[in-house]
Amino acid sequence: MKSKILAIAGGLLAATALASATAKAADVKIGLIGGVSGPIAAMAPAMIDAAQLAVQQVNEQGGILGGDKLVGVVGDSACNPQGGTDAATKAVNIEGVVGIVGPHCSGAVLAAAGSVTIPAGITVITPSGTSPEITGLKDNDTVFRTVPSDDYQGRALARTLKGMGYDKVAVSYINNDYGTGLANAFKSEFETQGGEIAGYAAHEDGKASYRSDLAELAKGGADTLVIFDYGDGTGLTILRQALENGFFEKFVGGDGMKSEAPIKELGAENLSTFVASSPVGEKSKSLDMFNEAFKASGGDPSAIFVTTSYDAAFLMALAIEKAGGDKAGVSAALREVSNGEGEPIMPGEWKKAKELIAAGTAIDYKGAAGDENFDANGDVPGTYALFKVAGDGFETITEMK
């Protein structure tokens, strides 16, 4: 009996030792929550690939913390509030992530943050959630973004269009957090600049026909329709039906419309009067370094939100390293690694950053999309440009200010 007890005890000790070794070697997980399905499904893969590039660089240069492997756990928000909440719940409660990059869409960000991540104390960095509503979240300083608020995009787009001679426009916007915030900012600034909004209406997602909505908007006499929606979803339907029925001659989209889907579906030859705004990386050595690395990995550096997605993931890794893996310290650490002070860290310079952090030396991340210095609300400044269709893609017309 005694020998059996000793054997059992020995087995328990061995199991405990094995469990401890396993725990020590456990992966460090971050959530990568994107609109894998839904209205930005064509954009999401490149964004996730850019975030995974940052994860790959971390692992190739010694791993995170004590040499652990960083793992990006992909979740699908479907670009809606319920999907965002579900994906965040799984990431936090089942996968045990230390932080989250995403969600991609504003409504998903707001819902996931309010229901899941803020109560759990998990830091979120969205690379593409642009609604002004995110700025005002009571988030205990846990919600950040590497893309500017739509309050800036909407106003910059209005100023740019007015300067280009667009004096009278109609506006159709999707009835969600993204569309409403962008449309309101645009309308306010366009009218301030002396422009006329000849029609202004929200539309619901997923209808088969918007012809009556378009006919009503066209009654105001504008030759230009501004569409704040997604080019992979309802925005494409509206653009197609407006073209087919000759309701408008010119078309303008926000960043959600800068998608390859309209080009593939409608043909570049039918989109000669279509332009769209989009955030762009500031010209810098950091942007060049990212572009080279992403292209080498098979990615398209010109794809929308890839710079902001990469920056969000690399920043998350830096913050986790700085916080020693303590999720409660990630938020404060995030501000410390990108605040304009310290030794500059460029995209891909993980080994250098890790050594400096270990030595107690201050670092300052210089991102592909810009310096990424967060203000009190977790927002960043940024650069936008206006694009036109060229072949099977887009080319820049002018920077927006």
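Restrict the check to the range 365-384 and report whether at least one residue is more than 21 Å from the chain's Cα centre (by Cα) and without any contact (Cβ under 8 Å) to a residue 60 or more places away in the chain.
Checked the range 365-384: no residue is more than 21 Å from the chain's Cα centre (by Cα) and without any contact (Cβ under 8 Å) to a residue 60 or more places away in the chain.
Could you check the range 247-272 and list, in sequence order, the residues that are farther than 24 Å from N176 by Cβ, in a loop (DSSP other than H, G, I, E, B) and in contact with a Gly (Cβ under 7 Å, 6 or more places away or on another chain)?
Within the range 247-272, no residue meets the criteria.
Return the residues of the range 267-314 that are aliphatic (A, V, I, L, M) and either in the same structural domain as V169 (by TED's automatic domain parsing) or modelled with pLDDT under 95 (or both); say none if nothing qualifies.
A268, L271, V275, A276, V280, A303, I304
Given the criteria in contact with a strand residue (DSSP E or B) (Cβ under 9 Å, 6 or more places away or on another chain), surrounded by 22 or more Cβ atoms within 10 Å (Cβ to Cβ) and at pLDDT 95 or above, does A353 qualify?
yes
Which residues, taken from the range 289-310, are touching a Ser or Thr at 6+ places or on another chain (Cβ under 6 Å) and in a loop (DSSP other than H, G, I, E, B)?
Of everything in the range 289-310, those that are touching a Ser or Thr at 6+ places or on another chain (Cβ under 6 Å) and in a loop (DSSP other than H, G, I, E, B) turn out to be I304, F305.
Does at least one position in the range 344-355 carry a residue that is among the small types (G, A, S), assigned to a loop (DSSP other than H, G, I, E, B), on the phi < 0 side of the Ramachandran plot and in the same structural domain as Q56 (by TED's automatic domain parsing)?
No.
Take the residues of the range 192-213 that are within 29 Å of the chain's Cα centre (by Cα) and among the charged types (D, E, K, R): which is farthest from A158 (Cα to Cα)?
Looking at the filtered set, the residue picked out is K207.
Residue-wise test of (1) touching a residue at least 40 places away in the same chain (Cβ under 8 Å); (2) among the polar types (S, T, N, Q); (3) at positive phi.
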residue	(1), (2), (3)
T160	yes, yes, no
G165	no, no, yes
K168	yes, no, no
L182	yes, no, no
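Looking at the range 328-338, is at least one residue touching an Asp or Glu at 6+ places or on another chain (Cβ under 6 Å), in contact (Cβ under 8 Å) with a residue 40 or more places away in the chain and part of a helix (DSSP H, G or I)?
Yes, there is a match, as at least one residue in the range 328-338 is touching an Asp or Glu at 6+ places or on another chain (Cβ under 6 Å), in contact (Cβ under 8 Å) with a residue 40 or more places away in the chain and part of a helix (DSSP H, G or I).
Check whether at least one residue in the range 39-46 is β-branched (V, I, T), surrounded by fewer than 21 Cβ atoms within 10 Å (Cβ to Cβ) and either at pLDDT below 95 or in contact with a His (Cβ under 8 Å, 6 or more places away or on another chain) (or both), and report yes or no.
There is no residue in the range 39-46 that is β-branched (V, I, T), surrounded by fewer than 21 Cβ atoms within 10 Å (Cβ to Cβ) and either at pLDDT below 95 or in contact with a His (Cβ under 8 Å, 6 or more places away or on another chain) (or both).
For residues that are touching a helix residue (DSSP H, G or I) at 6+ places or on another chain (Cβ under 9 Å) and either among the basic types (K, R) or surrounded by fewer than 19 Cβ atoms within 10 Å (Cβ to Cβ) (or both), tally how many sit in the range 219-235.
The total comes to 0.
The values are calculated or read from the model by the stated rules, or taken from the named source; none is laboratory data. The shown structure was predicted, so the numbers you read here are calculated from the model rather than taken from an experiment. Counting neighbours? That spans all protein chains shown, and the Cβs are built from the backbone with ideal geometry, glycine included.
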